[in-house]
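Presented below is the structure to which this report refers.
The values are calculated or read from the model by the stated rules, or taken from the named source; none is laboratory data. All of these numbers come straight from a predicted model, not from anything done at the bench. Cβ atoms come from the backbone with ideal geometry, glycine included; neighbour counts cover every protein chain shown. Accessible surface is based on the protein model in full, side chains and every heavy atom, while ligands, DNA and RNA are left aside. Shrake-Rupley method; radii C 1.70, N 1.55, O 1.52, S 1.80 Å.
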Amino acid sequence: MQKRNATCAVIGAGDYIGGEIAKKFAAEGFTVFAGRRDGAKLEPLVGEIEAAGGSIVARTLDARKEDEVATFLNDADKHAPLEICIFNVGANVNFPILETTDRVFRKVWEMACWAGFLAGREAARLMLPRGQGNIFFTGATASLRGGSGYAAFASAKFGLRAVAQSMARELGPKNIHVAHLIIDSGVDTAWVRERREQLWGKEALDNPYLLMPPASVAASYWQLYQQPRSAWTFELEIRPFGEKW
């Protein structure tokens, strides 16, 4: 592993996609600053990365709080120049419209859209003086269409996509790569498996090619990072080959 004098911040370093992104960039020599709402849950990730020879700093982080996001990214940049910021907060909930309370709607928007704006703005504040950097956002099928029961989630993801698009147009000419990755598939997590079984029965889990491994998502983020600036992708849609779309 070639150590780099650079950090990669992962906001929303959960047990699946976020954790795999952290492991991938740590394996490529970055010091990873990993943040999630319950920092104690990062202990297994820290152990795995350090056992593999990687470097990680784990923090409790509420991505909806401006001061916490700014401190988290500033600390990462002080450790080594912040080269990549990845916003991976989920907030995927399903409620019939009459059961979608104002509190649910507002909280989902805060988590999936407002928090992304904060992360992107604060990362840009650190990257612009150096004239380089990468800011990546995790999107979903709901970024493009609102499904039944997903009014809160889809509106937040639509909003995050708009934030990312505006940032890409503004910051791209300043040598900062902003990208939005749409995961158009169920990801292979315990929650997704349980939900699929509830909706469609155990046979819904028979086809192993309809769920995307989190490591495959992480590999796509690494591919985005490696792109030459003469051919940057703004929006990347990924899905397993067995997925109908």
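Taking the criterion of being buried (at least 22 other Cβ atoms within 10 Å of the Cβ) and polar (S, T, N, Q), the only residue of the range 72-120 that qualifies is Asn88.
Of all residues in the range 1-29, those that are over 23 Å from Gly116 (Cβ atoms), aliphatic (A, V, I, L, M) and at pLDDT 95 or above total 1.
Restricting to the range 142-186, and then to whatever is among the hydroxyl-bearing types (Ser, Thr, Tyr) and crowded, with 20+ Cβ neighbours inside 10 Å, can you tell me which residue is nearest to the chain's Cα centre (by Cα)?
For the range 142-186, the residue satisfying everything is Ser143.
Scanning the range 220-234 for residues that are hydroxyl-bearing (Ser, Thr, Tyr) and either farther than 12 Å from Ile86 by Cα or open to solvent by 80 Å² or more (accessible area, probe 1.4 Å) (or both) yields Ser220, Ser230, Thr233. So, Arg59, is that one open to solvent by 70 Å² or more (accessible area, probe 1.4 Å) and part of a strand (DSSP E or B) or not? Considered against the rule, which asks whether it is open to solvent by 70 Å² or more (accessible area, probe 1.4 Å) and part of a strand (DSSP E or B), Arg59 comes out as yes. There is at least one residue in the range 42-57 that is touching a Phe, Trp or Tyr at 6+ places or on another chain (Cβ under 9 Å) and of a type in the set (A, V, I, L, M, F, W, C). For first residues located in the range 20-33 and farther than 14 Å from Ala58 by Cβ and open to solvent by 10 Å² or more (accessible area, probe 1.4 Å), partners that are assigned to a helix (DSSP H, G or I) and modelled with pLDDT of 95 or more and lie 6+ apart or on another chain with Cβ distances below 6 Å form the pairs Glu20/Ala218; Lys24/Ala218; Lys24/Trp222.
Apart from one condition, Gly131 fits all of (1) surrounded by fewer than 18 Cβ atoms within 10 Å (Cβ to Cβ); (2) at negative phi; the exception is (2).
What residue, among those in the range 224-245 that are without any contact (Cβ under 8 Å) to a residue 12 or more places away in the chain and either among the charged types (D, E, K, R) or assigned to a helix (DSSP H, G or I) (or both), is nearest to Ala27 (Cα to Cα)?
Initial filter on the range 224-245 (without any contact (Cβ under 8 Å) to a residue 12 or more places away in the chain): 226, 228, 230-231, 244.
Those still in the list that are either among the charged types (D, E, K, R) or assigned to a helix (DSSP H, G or I) (or both) too: 226, 230-231, 244.
On the way: Gln226: 15, Ser230: 26, Ala231: 25, Lys244: 33 Å.
My answer is Gln226.
Filtering the range 44-64 to residues that are β-branched (Val, Ile, Thr) and within 30 Å of Trp109 (Cα to Cα) leaves Val46, Ile56, Val57, Thr60.
Exactly one residue out of Gly120, Gly90, Gly139 is within 24 Å of Ala219 (Cα to Cα) and assigned to a strand (DSSP E or B): that is Gly139.
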